[in-house]
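In what follows, a single structure is set out as structure tokens and then discussed.
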Amino acid sequence: VDPSFLQNFAVRTAVVERGPIPIDIRTIGILRHNETNIVSINIKFEGWIEKSVYNTVGEYVRRGDLLFDIYSPQLVTTQQEYLAAIDYLERLSSGNAYPEAVERARSLLVSAAERLRYWDITDEQISLLRQRGKPQRTLPFFSPVSGYIVGKGGESLDGMRLTPGMTVLKLADHSKLWAEVEFYEDQLRHVRKGTRVSVETSA
């Protein structure tokens, strides 16, 4: 080929090399909750929600925030048993009771406190119950985690009847989300673990 021809058409040459050919794949996807960061708030006893603080999907809840107040006859009865066990132990300890009887009374007190803990009543609430010396008609239920409300058990939580195992609220941590994307079959051969992805959102 005439050198002037190569110069006029800016023809350039290069040494052949083996290597990857970059391919850009544009597709669409949907942002979803990270299923490992979703927590279901449920109750382990029967009762009714007297007053709810958070009642709207999308609200942000911090760990330790009051979610709702619960009235439960079972919970009131267990509080009474706990206070009765305290009174019984104090009466035996102040008298000339046998050590075995005092030890049994102490075991009853420990068992009553454990039943309250099994129902997610905190040690702080148990200590407050002991200080007051009388059971509370309703007990507050606090959030165990921080996150956004993404689901609830009914349209309105106020007055809702609760049964053991029933999910009242679902909280999701949005610090990490999943992006579920779709590919055509002929694009899958270009996708593998470690492939770099860039995500753009319209909102």
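The values are calculated or read from the model by the stated rules, or taken from the named source; none is laboratory data. Everything numeric in this text was worked out from a predicted model, so none of it was measured. Please note: Cβ atoms are built from the backbone with ideal geometry, for glycine as well, and neighbour counts cover all protein chains shown. For accessibility, only protein heavy atoms count, side chains too; no ligands or nucleic acids. Shrake-Rupley method; radii C 1.70, N 1.55, O 1.52, S 1.80 Å.
How many of the residues making up the stretch 122-155 are free of Cβ contacts under 8 Å to residues at least 24 places away in the same chain and within 23 Å of the chain's Cα centre (by Cα)?
Going through the stretch 122-155 one residue at a time, the tally reaches 7.
Looking at the stretch 45-73, which of the residues that are of a type in the set (A, V, I, L, M, F, W, C) and over 16 Å from residue 149 (Cβ atoms) is most open to solvent (accessible area, probe 1.4 Å)?
Looking at the filtered set, the residue picked out is 48.
Residues that are farther than 23 Å from residue 168 by Cβ, out of contact with any helix residue (DSSP H, G or I) (no Cβ under 6 Å at 6 or more places or on another chain) and β-branched (Val, Ile, Thr): does the stretch 98-108 have at least one?
Checking the stretch 98-108: not a single residue is farther than 23 Å from residue 168 by Cβ, out of contact with any helix residue (DSSP H, G or I) (no Cβ under 6 Å at 6 or more places or on another chain) and β-branched (Val, Ile, Thr).
Taking residue 176, is it open to solvent by 80 Å² or more (accessible area, probe 1.4 Å) and either among the aromatic types (Phe, Trp, Tyr) or farther than 30 Å from residue 77 by Cα (or both)?
yes
Can you say whether residue 35 is among the acidic types (Asp, Glu) and within 21 Å of the chain's Cα centre (by Cα), as far as the supplied structure shows?
Answer is yes for this residue.
Do we find a residue being in a loop (DSSP other than H, G, I, E, B), open to solvent by less than 40 Å² (accessible area, probe 1.4 Å) and either β-branched (Val, Ile, Thr) or within 19 Å of residue 128 (Cβ to Cβ) (or both) anywhere in the stretch 22-44?
yes
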